[in-house]
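S.K.: The structure's right below; bear with me while I get my questions together.
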Amino acid sequence: MKPIPVAEQRSLVERLTRACGGSYTPEQRRKYFISGPQWAAAYEGQALFHAPTRTPVTFEEVIRLYGEVGVGWWATHDTDVIPSDALFTQEQDAIVERIDKALKNAGVQCSMVTTETFHHAVFAAGPAAESAAVRDYAGRRLENTVGIGHRLGASYAVYWPGSLGYQIQGAVEETQTLRWYAEGLNRACEADIRIAKQLGRPTLKHCMEAKPFEPQAEILLPTSDAMLAFIASGLLTHPEMVGLNPEYLHELMWGAAPRAALGRALLAGKLWHFDINDGYRLKHDVDIAVGLVNPLDWLNVLVLLRSHGFNGPFNLDYKPPRTTSNHGVFGVSMPTAVDRFITLWEMAGEVLEDPILKEATEALKAGGEVSSGDVRDIFEANKELLSLHELIGHRLFQILCGLHKGRTFVV
């Protein structure tokens, strides 16, 4: 193939994208509670070892393009859209007004807001630092974000305490730091109750998001299980207002099974929000889009969620690759990520209705006829049925690949 002229490259990508097929219309995509974060679409490709590969985009542009693609909800950190120096000022009010207008023009709703407590230099020692002034500033930021969320019609607030920890052992006293962190969440919940009452709105759902690594060397709340214990610790004045926002990759990063972590959150009644992406076990936070690494695992995750009636919000917390152009973010990356999720979600529905899987799981539950309580008799009565575990795995693979509908390859 000859070199492709620059002027022809975009049309080639668009043609091949259309040739892939399997896409959904914007109207079909809007039927799912999928939210697009400002930070995902505005990510310029920069990282610790990476220079930017894309040019900046405004929140108006991001919101407009989400609306065109068919992502019906939008989420943001406070400082993704409001400069730090403009917080608590009339400039903040003007920016929030612009955001509200952009959302209405695009037919998009704000689903979630979150406070950046990790990037600014003031959070070098975290939002629960020894300095009372730092903690008070963090508390005011949390309260302010709650107000922004109500102004924009959000229903969720998310907290990622990635800077709640330390680089040097012995530098902080863990129990005191956790108490200080709880004080910040308590301020957010109290502000929420007050603002919601004034506006006649429901309070927000406050969701904690765990991550085992980064940016601190040691994290005090590294997993969803640690956060469940924290919520139940007695430190929160309104634990009923606080739940979880697990992230698929954050659970995978430390070698855990995301489905198992989600199951424990479901049992606790605390699975309120879910960040969706993909990646690799025991690696850093690569934030690849759904289904590009672990499609079979993702199918199983969605089977669990569908079987428990969870239907969102699903937040697209991933980074379009550095190799994707500005145009490609919304021409390829976002729509294909959404479409893979929808396909896997619908496949999960097929799994729940599949007659082979139904009969296999019911047979396992029924067990074999036991002639006595002797341990050997119990084993003998069930040993053939246990082969169904592997058959279930095979059937899930068939559904993932379309083999259950007759797809075969001629050798």
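Coordinate-derived values only; no laboratory data. Note that this is a predicted model, so its numbers are computed, not measured. Ideal geometry is used to build each Cβ from the backbone, glycine not excepted, and the neighbour counts take in all protein chains shown.
S.K.: Could you tell me how far the Cα centroid of the range 343-366 sits from the Cα centroid of the range 165-217, in Å?
M.R.: 39
S.K.: Hey, got a sec? Which trypsin sites (Lys or Arg not before Pro) in the range 377-411 land in a DSSP loop and have at most 14 other Cβ atoms within 10 Å?
M.R.: LYS383, ARG407
S.K.: Fewest first, what order do TRP345, TRP254 take by the number of other Cβ atoms within 10 Å?
M.R.: Ranked by crowding around the Cβ, least crowded first: TRP254, TRP345.
S.K.: If you don't mind, there's one more thing I want to ask. If you place +1 on the Cβ of every Lys and Arg and -1 on the Cβ of every Asp and Glu, how big does the dipole about the Cα centre of the range 24-353 come out, in debye to the nearest 20?
M.R.: That gives a dipole near 520 debye.
S.K.: For GLU130 and VAL286 in one chain, what is 0.36 nm times their gap in residues minus the Cα-Cα distance, to one decimal in nm?
M.R.: Additional length available on full extension: 53.0 nm.
S.K.: Hey, another quick one. Provide the packing ranking of 72-85, 99-112, i.e. peptides ordered by the mean count of other C-beta atoms within 10 Å per residue, highest first.
M.R.: Descending packing order for the listed peptides: 72-85, 99-112.
S.K.: If the limit is 28 Å between Cα atoms, which of LYS205/LYS358; LYS270/LYS383; LYS270/LYS319; LYS104/LYS283; LYS31/LYS319 go over it?
M.R.: Violating the 28 Å limit, Cα to Cα: LYS205/LYS358; LYS270/LYS383; LYS104/LYS283.
S.K.: Distance between the C-alpha centers of the range 276-305 and the range 1-48? Whole Å please.
M.R.: Taking the Cα centre of each part, the range 276-305 and the range 1-48 sit 19 Å apart.
S.K.: Follow-up. Taking square-rooted eigenvalues a ≥ b ≥ c of the alpha carbon gyration tensor, is the range 355-405 rounded, prolate or oblate, where a/c under 1.5 means rounded and, failing that, a/b exceeding b/c means prolate?
M.R.: It comes out prolate by the Cα gyration axes.
S.K.: Okay, moving on. Arrange THR145, THR58 by Cβ neighbour counts within 10 Å, fewest through most, would you?
M.R.: Fewest-to-most Cβ neighbours within 10 Å comes out as THR58, THR145.
S.K.: Radius of gyration and Dmax for the range 214-319's Cα atoms, expressed in Å?
M.R.: Values for the range 214-319 (Cα only, Rg and Dmax): 13.7, 41 Å.
S.K.: Hey, any idea what Rg/Rh is for the range 283-411, computing Rh the Kirkwood way over Cα pairs?
M.R.: Expressed as Rg/Rh, it is 1.13.
S.K.: Would you work out the relative contact order for the range 355-405, in percent, from Cα pairs under 8 angstrom that are 6 or more residues apart?
M.R.: It rounds to 35 percent for the range 355-405.
S.K.: Okay, moving on. Show me 227-238, 113-124, 353-364 ranked by packing, highest mean number of other Cβ atoms within 10 Å first.
M.R.: My ranking of the peptides, most packed first, is 113-124, 227-238, 353-364.
S.K.: On to the next question. Checking the a/c ratio against 1.5 first, then a/b against b/c, what shape does the Cα gyration tensor give for the chain?
M.R.: Oblate.
S.K.: By how many nm would the segment from LEU386 to GLN109 grow when fully extended, if each residue of separation counts as 0.36 nm and the alpha-carbon distance is taken off?
M.R.: 94.9 nm
S.K.: Taking the dipole about the Cα centre of the range 51-169, with the C-beta of Lys and Arg at +1 and of Asp and Glu at -1, give me whichever of ALA94, GLY165, MET112 is farthest to the positive side.
M.R.: Farthest towards the positive end: MET112.
S.K.: Let me ask something else about it. Among PHE49, PHE314, what is the fewest-to-most ranking by other Cβ atoms within 10 Å?
M.R.: PHE49, PHE314
S.K.: Summing -39500 (n - 2.57) over the DSSP H runs of n ≥ 4 in the chain and dividing by its residue number, what mean residue ellipticity at 222 nm do you reach, to the nearest 500 deg cm²/dmol?
M.R.: Helices in the chain give a 222 nm mean residue ellipticity of -14500 deg cm²/dmol.
S.K.: Still on this structure, I have one more. Once fully extended, how much extra length lies between SER307 and ARG264, figured as 0.36 nm per residue of separation less the alpha-carbon to alpha-carbon distance?
M.R.: This chain segment gains 14.0 nm when fully extended.
S.K.: Within a Cβ distance under 11 Å of PHE88, other residues only, what is the Lys/Arg minus Asp/Glu net charge?
M.R.: -3
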